[in-house]
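Student: Have a look at the structure that comes next, please.
Computed from the coordinates by the stated procedures, all read-outs in this text should not be read as laboratory data. Values in this document were obtained by computation on a predicted structure and should not be read as measured data. Note that we place each Cβ from the backbone using ideal geometry, even for glycine, and neighbour counts take in every protein chain shown.
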Amino acid sequence: MAAGTAAAGYAAAQQGGGSAAVITLPALPYAQDALAPVISAQTVGFHYGKHHQGYVTALNKLLPGTPFAGKPLEEVVRGSAGKAEFTAIFNNAAQIWNHTFYWQSLAPQGGKPSAALAAAIDAAFGSLDACKAALADAGSSSAAGGRGWWRRKGRSRSSRRRTPRRR
């Protein structure tokens, strides 16, 4: 995890005269209607305000009395990963980080890739439009929907893959 990527989800709050750290829902980097018409304000509001907030609320109920109480979100994710006794903590913390990263990855009016990324996309797919089509196909061709991924392997190789939707 990049330092600070989802760190906005951590804040200190005063409770009962002492200092207790809680995980907070970070603000969106744009207005809820800024992604329309691709993603409606209603969809953003539901996914951010109810779904994403639900992970924050659940995690804050799970943290007291654990080694992760008062820790930044990234430390909670790293420290709870792969530990059966902390599965619920990991699942909620990872979802907070993942959703925060997702919101930060989107931009109103889209955007253009950097020159280096555009060159890598052209080398792997032929064009940005072909990249978009390949990733959309990878995500939509999985049963019940899924996600299309393009990952870089080293400096010159890349691969495309798809992952099915988890239930």
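Student: For the range 31-38, what does the Karplus curve 6.51 cos²θ - 1.76 cosθ + 1.60, with θ = phi - 60°, yield as ³J(HN,Hα) per residue in whole Hz, taken in order and with x for Gly and Pro?
Tutor: 5, 4, 9, 5, 9, 5, x, 5
Student: Hey, another quick one. At 7 Å along the Cα-to-beta-carbon direction for both T43 and W149, put a label point, then send me their distance in nm to one decimal.
Tutor: 2.2 nm
Student: While we're on this one: Which of the aspartates and glutamates could a cross-linker bridge to K132, judged by Cα under 14 Å and excluding same-chain residues fewer than eight apart?
Tutor: Within the straight-line cut-off, K132 pairs with D122.
Student: Next up: Once both labels are modelled 7 Å past Cα along the beta-carbon direction, what's the D122-L106 spacing in nm?
Tutor: 3.0 nm
Student: Would you kindly derive the ³J(HN,Hα) couplings of the range 81-91 from the backbone phi angles with the Karplus curve 6.51 cos²θ - 1.76 cosθ + 1.60 (θ = phi - 60°), listing them in order in whole Hz, with x for Gly and Pro?
Tutor: 4, x, 10, 3, 5, 10, 4, 5, 5, 4, 4
Student: A further question follows. Under the 0.36 nm per residue contour assumption, what length would be gained going from the current alpha-carbon distance of A36 and Q53 to full extension?
Tutor: 4.0 nm
Student: Report the far tail of the P(r) of the range 51-139, meaning the percent of Cα-Cα pairs longer than 22 Å.
Tutor: Of all Cα-Cα pairs in the range 51-139, 47 percent lie more than 22 Å apart.
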